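Worksheet for the structure shown next.
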Amino acid sequence: MRLSEAIKHLAVGAVGAESPVELLPAEVVSVSPVEIKLNENSKLIIPADALIIPKRMQSGGDDALEPGDRVMTAALTGGQSFFILDKV
């Protein structure tokens with residue numbers, strides 16, 4: 001095996017071993033704008049611009065978020081975006 005093939009093989013293995021998404025429980029702090037507080041770090045408030053919210057959970061939707069709601073989020077790689085999956 002050539003060196004370039006070995007490096008490629010190692011890189012593919014490293015990427016495959018790392019989880020691209022982390023599930024994190026959170027609590028809704030406010031709804032206008034929507035902000036959440038992660039359970040693992042109660043001092044960190046995630047602002048609306050870093051959240052991806054399903055249409056049904058947005059204001060006026062069938063399952064709109066309310067302050068105090070507990071939700072499960074998926075933190076996308078790098079922790080720069082959080083997708084609210086559902087209420088728990």
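Coordinate-derived values only; no laboratory data. Because the structure is predicted, anything quoted here is derived from the model rather than measured. Glycine also receives a Cβ, built like all others from the backbone with ideal geometry; neighbour counts cover every protein chain displayed.
Values for this structure:
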| quantity | calculated |
| --- | --- |
| Burial ranking of peptide ranges 80-88, 28-36 (average Cβ count within 10 Å, highest at the top) | 28-36, 80-88 |
| D (Stokes-Einstein, µm²/s), Kirkwood Cα radius, the stretch 20-87, 0.890 mPa s at 25 °C | 210 |
